Amino acid sequence: MLALLLLLAAGGLGSRLVIGYLSPGAYVEEVLGARAFLTERTVYGGDDRAELKKWMSQTPAPADPWTLPGITPCQASAMVNRPVFYTSQGHPPMLLLASVPIVQMVGGRGLYVLLALASVVAVAIVVMVMIREAGLARRSRTTLLLCAAIVGWQPIVAGVRQGDAVVLAGALVLLAWRMARNDGSMAGVAGGLAACVTLPGLAVVPALVRCRGRSGALACVVLAGAVAATIAAAGPLVFADFSSTVMLSARTYAEATHNYALAGRALVNGLNGPSLAALVTIAALASLWRGRSADTAFGTWMTLGLLASPIVWSQHLVLALVPIVVLLRRVLRTGSAMLLAAWALLVLLLSLPDPAVAHLHDLLALSSPTLATVPVVSIGLVVLWAWLVLGTERPSLPDTVSTRYDVAPVAVAP
């Protein structure tokens, strides 16, 4: 059974690699930004749909989507007509400019290949870190189950399909968390790089500042250096263009069923800027107050980063991995089966694929239109943040924990 689960997880990831190569996903923004910079020295503000159509005609897919097995007519039509529905999603200018030399050398699809390889490496890093954190034997059945769960996790699968650098950012945040817990000086480098890659990843900086001052300062230096290099290359107005693009994207996707951005929806749907800023400030102060340890700091701030972002797709929930693990550690310390079941239900909610979320949204809309105004995944993120902020840490777990499987004793950090 475990072998079958591993095979299914690997097959699912492999199929998304193929689809991502044939049908450009979120990485298109990096491709278009790089092409625009090479010709016009700008990365935002062009006619993206026309440029995407031009690029796709210059580098056609190696296979016709209509002939691919397992692809529905609706999916094939979406692949072919990708330029018609494309809209920028406000990726950071640091990421767009970092893609310029890659696109120049190997082209747009070459960029996807490199992003996909980086994502696969990132998944391997996540698996290794999780195995070490759990204290599992490398060849145990529990380890194999953990590998299947991570490789087949919906946010990771979605990130690989989209060619989204958020998978790499998630691994960097996980490394920063582990190093911060062990007083590693390189936590700031990993955190600073994660902040450069994706907008919700900025939350790792205050997390590091709160729990490890020197690492937080190093993360700020890395981020400031990337910002300075970006301004030097693209001009001082690049971040103004970036802000305009982010707001446009938030308005465009405010009603999208699969957009889990709570702050973006609230701002577009009537909550004024000062009120939203006040709510975010209160949440930030609560995270600052509770984030004394590396666990709580990373857990609360990374969840808050997702809640405060203008756009959040399913692949961005990779950044919720550390909060999920931190909460699990806390639940295990209580020894409560009820709390463990509640944690499992919460993780299931955050792991639903997009079609399942859409069906759940439709069911809620039938029962009560009010319930369908806020995505259930967004509610899950609020619950995750509140649980981490309001819950009590209990360091009373026994020194070692073992299971009935062939697992090495688990050393639990205080």
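The values are calculated or read from the model by the stated rules, or taken from the named source; none is laboratory data. What you see is a predicted model, and the numbers here were worked out from it, not measured in a lab. Note that each Cβ is placed from the backbone with ideal geometry, even for glycine, and that neighbours are counted across all protein chains shown. Accessible surface areas use protein heavy atoms only, side chains included; no ligands, DNA or RNA. Shrake-Rupley method; radii C 1.70, N 1.55, O 1.52, S 1.80 Å.
Ratio of alpha-carbon Rg to the 2.2 N^0.38 Å globular estimate for segment 271-313, to two decimals, please.
Values: Rg = 11.3 Å, N = 43, 2.2 N^0.38 = 9.2 Å.
Dividing the Cα radius of gyration by 2.2 N^0.38 Å gives 1.23.
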Inset, instruction - Quick one: go through segment 343-372 and flag any residue whose amide nitrogen is under 17 Å from the point 7 Å out along the Cα-to-Cβ line of ASN269. - result: 357-372
Inset, instruction - Could you give me the radius of gyration and the Dmax of segment 196-320, taking only the C-alpha atoms into account and expressing both in angstrom? - result: 15.3, 41
Inset, instruction - Take peptides 42-54, 174-186 and line them up by average Cβ neighbours within 10 Å, highest first, as a rough protection proxy. - result: 174-186, 42-54
Inset, instruction - Mind pulling the angle between the C-alpha long axis of helix 213-234 and the longest principal axis of the chain? Nearest 10 degrees, somewhere in 0 to 90. - result: 0
Inset, instruction - Amide H neighbours of ALA137 under 5 Å, at least 5 residues apart or on other chains, H built in the peptide plane: list them. - result: ALA408
Inset, instruction - Return the carbon/sulfur percentage of the accessible area of segment 212-337, one whole number, probe 1.4 Å, all protein chains in place. - result: 71
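Can you give me the accessible area per residue for segment 302-387, using a 1.4 Å probe, in Å²?
Details: 3440 Å² over 86 residues.
I get 40 Å² per residue for this part.
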Legend entry - Note, ³J(HN,Hα) from phi for segment 72-86, Karplus 6.51, -1.76, 1.60, rounded to Hz, x at Gly and Pro: 6, x, 5, 5, 5, 5, 5, 5, 5, 9, 3, x, 5, 10, 6
Legend entry - Stokes-Einstein diffusion coefficient of segment 1-147, Kirkwood radius over Cα pairs, 25 °C, 0.890 mPa s, in µm²/s: 141
Legend entry - Rg/Rg_globular for the chain, with Rg_globular taken as 2.2 N^0.38 Å and Rg from C-alpha atoms: 0.98
Legend entry - Alpha-carbon centroid distance for the pair segment 12-30 / segment 197-214, whole angstrom: 29
Inset, instruction - Relative to the longest principal axis of the C-alpha atoms of the chain, give the angle of the C-alpha long axis of helix 337-350, reported between 0 and 90° and rounded to the nearest 10°. - result: 0
Legend entry - Percent of C-alpha pairs per 10 Å bin, segment 202-255, short to long: 23, 30, 34, 13, 0
Legend entry - Between 0 and 90°, nearest 10: helix 321-334 axis offset from the chain longest Cα axis: 10
